[in-house]
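The values are calculated or read from the model by the stated rules, or taken from the named source; none is laboratory data. What you see is a predicted model; the values in this text were computed from it and never measured. So basically every Cβ, Gly included, is an ideal-geometry build from the backbone, and we count neighbours across all protein chains shown.
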Amino acid sequence: MQPSLTKKTSRRSIGGPSMGAASTPFQELSINEPALRPQAAPVSSFVQARSPNAPGPVVLSDPQLTPEPASISNLEKLANELGSLNTNLQQFATAGIQRAKDVDEDRRATAETIGKLSNQQYPGQTYLEWKDKVEADLKKADPASDKAKKLQALFDRLQALNPVTEKYAEQYRLAAQLETNILNFENNFHKARQITGADGELVNRETLSPESVEFKNHLFGMVDLPTDKIIQKEYEDKVRAVYKWGFQQQSKDHGEYKKQKYISSINDKINVSLQNKKTTSAQLAKEISNADAGVRKNLGVEAHQGYKESISDNLVNSVITLSTITERDGTGKIIGQKLDSQLFKYYSNKAMEAFPLIVIGPNGEKLIDSLEPDAALSLAQQMMSTFTEINNNHENISKDLGEEIGEKYVVEFGLNDSETYSSTEKTTEAMNKASAAISADGQLAGDLVATQKALSYIKGIADTNRAVFSKPVQDLLIEKANKIVNNVDLDATTKRIGIENLVSQGLTAKNAGPLFTRIDKQDEFRDDGHDKMMRERINKAKGGLKDQLRKAIAARDGVLESQLNNKQEDEFLQFFTDLNTRRMQNKEAIFSQPNPGTMSDELWLQEKTSQYKKTDSEIVGEFADRIQGIREKLPIIKESQIQNLDEAMGEKSNQTQKNNWRTSVGRMKILPTETYKNELNTLLYDNQLSPSMLKFLYRISYKRKEGTRPGDFFIKQYPFHFSTPMPDKVKKQLAEIVNEIAGRRGLKAFDSNPAGNPTPDL
């Protein structure tokens with residue numbers, strides 16, 4: 001039986017008056033004693049059954065009642081009627097009841113703290129299980145440790161609790177657990193993509209009807225209302241609310257699943273018809289027309305409109321799917337897939353012939369009549385561009401894989417290590433091992449393009465490093481490094497930058513190490529807190545001035561950060577040479593000032609140090625502003641493909657226009673910056689997009705497929721609107737949250753923002 005959150009009530013049935021002492025001591029809980037009523041004559045004290053079918057309550061005879069004031073309590077009546085007892089019983093009873101109340105309140109306060117702590121430390125476990133766990137952890141802990149002391153104090157406290165308090169603690173634990181489950185319900189509901197089906201195996205949640213036993217078991221298990229009546233009364237409204245929300249959400253998800261399943265079955269039938277060489281183009285068109293009518297009848301007007309607009313894309317996808325063939329080696333092992341040009345030609349011609357014959361209305365209206373005049377030509381262009389893009393992607397994917405694998409074995413076999421090139425034997429051995437590993441790598445099995453790329457990658461690295469790590473080249477780099485280290489006009493930071501630049505040109509770590517040691521010994525201020533802070537601001541790998549400048553130069557000149565040419569590297573070096581020359585001159589000017597004679601040498605040194613730190617920080621800040629100036633001058637494309645999104649979406653778009661927009665997402669600005677900014681902000685802050693934006697994303701098919709979801713559009717377009725990179729937190733939200741939702745529900749996941757009102761800036 002579950003404990004009650006209210007005080008227990010003890011009831012005792014009495015067959016007749018008793019003049020003896022009570023058999024049990026007073027409890028801390030409430031006592032409600034029945035009143036004794038004087039009798040005119042003796043009566044039977046035996047219980048009489050009222051019904052032959054079941055025992056009834058105890059029945060006492062009805063004596064003549066003596067009127068009593070309503071204010072007199074049962075316990076006071078007992079005291080009056082038992083005149084042999086001390087008259088102080090009334091006062092004792094009142095005090096006892098109040099004491100019981102106080103004790104109970106104290107126990108509840110203690111139990112609430114303990115119960116919440118139990119749920120916090122070990123959620124899902126009972127109070128007693130938690131208590132056992134505390135004891136077990138105590139036995140394992142080092143007796144002398146702080147952990148053991150804390151566990152001992154907690155265990156002693158738990159041991160001191162009486163059974164009533166422990167029952168209360170379990171109740172409060174249940175209540176805390178229930179509160180947590182309710183709070184996290186919606187988030188946990190969406191995370192549960194799979195749940196247990198009828199056969200005990202995992203199934204996609206969306207495939208289950210909200211009325212199914214499996215879904216109900218899952219839903220009720222997420223927020224399980226305890227049997228305790230008190231907890232039920234307090235939380236039943238909240239639990240009922242989350243259950244209602246869960247049923248509604250499952251209804252939406254299941255409805256969307258059934259719609260997609262229906263459309264998928266239709267597309268499968270069309271694929272079969274397209275693939276069947278006995279099926280004519282006219283028969284294929286009839287199959288598609290019947291499918292369109294079925295969508296209109298079974299899914300409604302809105303779904304029909306969407307399906308009608310997707311027919312062209314579906315035909316392209318069907319042609320590409322049927323034109324893809326599997327490649328096998330001599331043993332029958334699958335080694336890859338490719339598009340067959342002859343199959344593509346056959347299926348695309350068949351689809352193009354069927355396209356003008358497709359009927360999409362109840363009165364025999366042709367699909368082509370509802371589209372732009374050159375719709376058929378647009379379809380042909382879409383097929384060819386998709387064919388070309390996929391072929392190119394296949395090759396690029398293989399090359400990327402090959403380079404990734406090659407890079408892995410460069411590291412594994414030390415092909416970037418100068419020691420590997422200390423002798424011809426070591427170089428040959430490392431190359432042979434790397435080549436053998438590539439040939440045996442399972443990821444490259446059967447992919448000749450990827451394998452060749454991996455082999456060429458390690459060869460290129462080896463050829464470059466063989467030249468760089470040769471003794472003549474190293475001697476030349478060491479000579480340059482010595483000139484930098486011995487230059488008395490350069491401070492330590494400038495010298496380090498010079499050596500680091502030589503390292504990037506191939507100076508080995510072995511040869512660079514002693515040079516850095518010499519610089520450290522020359523730097524008398526190297527342990528000073530201010531100089532350390534400035535060095536970190538300048539040299540920090542990510543976010544330091546060096547990193548900022550390299551990124552700014554690369555963005556300005558349209559190159560990768562790792563591919564700066566000699567001129568750009570010289571600009572980079574000169575920038576920091578100038579910075580550190582200014583800093584050195586400033587330091588010399590300040591510390592060379594003579595004492596004015598108005599303060600002690602110690603105070604004068606403190607004054608100069610304070611001046612130096614202030615002016616030095618200002619100089620570094622000035623050069624940081626120069627970098628920002630480079631960023632601000634980065635070209636921003638002002639013209640966009642679409643000048644007014646609402647007007648553009650108010651008109652029909654032909655397939656050529658849609659393809660142009662789609663292929664331009666990562667190449668040029670499509671929307672005006674203000675429109676882009678407003679839409680991005682409403683998406684991030686309100687989870688909304690304007691109707692025009694939703695329509696645009698639908699037309700360019702940025703809705704469900706990975707890589708072409710709403711978040712991807714905004715990420716790809718950001719560089720064409722702003723000179724700075726997209727903030728990491730914004731990119732993360734778009735990539736992880738927005739795209740996750742879109743992947744499940746498409747564009748319907750985002751409520752329309754009719755006004756398109758701008759929200760607070762990013």
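Quick notes on this one:
- Filter result for the condition that a residue is touching a helix residue (DSSP H, G or I) at 6+ places or on another chain (Cβ under 9 Å), modelled with pLDDT of 80 or more and surrounded by 14 or more Cβ atoms within 10 Å (Cβ to Cβ), over VAL295, VAL319: VAL319
- Among residues of the range 236-289 being of a type in the set (A, V, I, L, M) and more than 30 Å from ALA351 (Cα to Cα), the one that is nearest to the chain's Cα centre (by Cα) is VAL242.
- Restricting SER348, SER312, SER378 to residues that are modelled with pLDDT of 80 or more, outside any strand (DSSP E or B) and out of contact with any strand residue (DSSP E or B) (no Cβ under 8 Å at 6 or more places or on another chain) narrows the list to SER348.
- Residue within the range 259-273 that is among the polar types (S, T, N, Q), more than 29 Å from GLU211 (Cα to Cα) and buried (at least 16 other Cβ atoms within 10 Å of the Cβ) present: yes
- Scanning the range 582-596 for residues that are closer than 17 Å to VAL620 by Cα and touching a helix residue (DSSP H, G or I) at 6+ places or on another chain (Cβ under 7 Å) returns ARG582, ARG583, ASN586, LYS587, ILE590.
- Boolean, LYS652 is touching a Phe, Trp or Tyr at 6+ places or on another chain (Cβ under 6 Å), over 29 Å from ASN539 (Cβ atoms) and not in a helix (DSSP H, G or I): no
- Qualifying residue in the range 226-239 (condition: of a type outside the set (D, E, K, R) and either under 30 Å from TYR307 (Cα atoms) or not in a helix (DSSP H, G or I) (or both)): yes
- Set ASN465, ASN416, ASN432: member being in a helix (DSSP H, G or I), under 47 Å from the mean Cα position of the chain (by Cα), surrounded by fewer than 17 Cβ atoms within 10 Å (Cβ to Cβ) and not charged (D, E, K, R): ASN432
- GLY221 touching an Asp or Glu at 6+ places or on another chain (Cβ under 8 Å), modelled with pLDDT under 85 and of a type in the set (Gly, Ala, Ser): no
- In the range 302-309, the count of residues that are buried (at least 19 other Cβ atoms within 10 Å of the Cβ) and in contact with a Leu (Cβ under 6 Å, 6 or more places away or on another chain) is zero.
- Of all residue pairs spaced 6 or more apart or on separate chains, those with beta-carbon atoms under 9 Å, a first member in the range 651-668 that is closer than 9 Å to ILE700 by Cβ and in contact (Cβ under 8 Å) with a residue 24 or more places away in the chain and a second member that is surrounded by 16 or more Cβ atoms within 10 Å (Cβ to Cβ) and of a type in the set (Lys, Arg) are LYS658/ARG699; TRP661/ARG699; ARG662/ARG699; VAL665/LYS716.
- Test: residue in the range 622-639 that is polar (S, T, N, Q) and under 30 Å from MET383 (Cβ atoms): no
- Hits in the range 187-219 - residues which are of a type in the set (A, V, I, L, M) and in contact (Cβ under 8 Å) with a residue 24 or more places away in the chain: ALA192, LEU208, LEU219
- Qualifying residue in the range 578-585 (condition: without any contact (Cβ under 8 Å) to a residue 24 or more places away in the chain and of a type in the set (Ser, Thr, Tyr)): no
- Residue check, ASP463 under 30 Å from ALA512 (Cβ atoms) and not assigned by TED's automatic domain parsing to the domain that holds GLU407: no
- Options LEU680, LEU734, LEU684, LEU747: the member that is among the aliphatic types (A, V, I, L, M) and modelled with pLDDT under 85: LEU747
- Residue in the range 558-573 that is surrounded by fewer than 16 Cβ atoms within 10 Å (Cβ to Cβ) and in contact with a Lys or Arg (Cβ under 6 Å, 6 or more places away or on another chain) present: yes
- Residues of the range 225-269 satisfying the condition of being in contact with a helix residue (DSSP H, G or I) (Cβ under 8 Å, 6 or more places away or on another chain) and modelled with pLDDT under 80: LEU225, PRO226, ASP228, ILE230, ILE231, GLU234, LYS259, TYR262, ILE263, ILE266, ASN267, LYS269
- Residue ID - modelled with the lowest pLDDT, chosen from residues in the range 482-507 that are surrounded by fewer than 18 Cβ atoms within 10 Å (Cβ to Cβ) and outside any helix (DSSP H, G or I): VAL488
- Only one of the numbered conditions (1) hydrophobic (A, V, I, L, M, F, W, C); (2) in contact with a helix residue (DSSP H, G or I) (Cβ under 8 Å, 6 or more places away or on another chain); (3) without any contact (Cβ under 8 Å) to a residue 40 or more places away in the chain is violated by LEU476, and that is (2).
- Qualifying residue in the range 173-186 (condition: closer than 28 Å to LEU128 by Cβ and not in a helix (DSSP H, G or I)): yes
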